[in-house]
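Structure first, commentary second.
No value in this document is a laboratory result; all are computed from the given coordinates. Quick caveat, the model's predicted, so the values are computed rather than measured. Note that each Cβ is placed from the backbone with ideal geometry, even for glycine, and that neighbours are counted across all protein chains shown.
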Amino acid sequence: MSDRVRVAAVSAMPVGSSLECVVGDRIVALFHTAEGWFAIDGICAHAGGPIAQGQVSAGIVTCPWHGWQYKLATGHHCLNARIQQTCFQVEVEADEVYVRLA
């Protein structure tokens, strides 16, 4: 399997939207913000919450289950930098959004 997977159409994800998607054997949370596109591990490190369903503000997503917060650009937990969600590269070509696992 290729490490680059199409996950969405750009037209289906306006700024401010998010999407939980399966890429290979990973659950990935994809975000389209005013700052750009971000993809991080979609399972919260705390209790497995759905990161893609969290609220995003100022480049930080808050897990809807217990409030853990992660920086979209780096995946780092906001209070403990030793905790980090894996980040994935996002590529946009024409109207297609791709996530690259490696």
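Partnerless cysteines in the chain, where a partner means another cysteine C-beta under 4.7 angstrom, comprise C21, C78, C87.
Working ranking of peptides 61-67, 88-94 by packing, defined as the average number of other Cβ atoms within 10 Å per residue, highest first, is 61-67, 88-94. By the count of other C-beta atoms within 10 Å, a proxy for reagent exposure, V15, V10, V23 are ordered fewest to most as V15, V10, V23.
In terms of packing, defined here as the mean over residues of other Cβ atoms within 10 angstrom, the peptides 45-52, 27-34 line up highest first as 27-34, 45-52. Taking amide H as placed 1.01 Å from N in the peptide plane, the amide H of Q85 sits under 5 Å from that of H76, H77, each at least 5 places away or on another chain. Considering only C87, C44, C78, the Gaussian network model of the chain with Cα springs below 10 Å gives its largest mean-square fluctuation to C78. For I60, the residues 5 or more places off, or on other chains, whose built amide H falls under 5 Å of its own are L72. Remark on T33: its backbone amide H falls under 5 Å from those of G16, F38, a criterion applied only to residues 5 or more positions apart or on other chains, H modelled at 1.01 Å from N.
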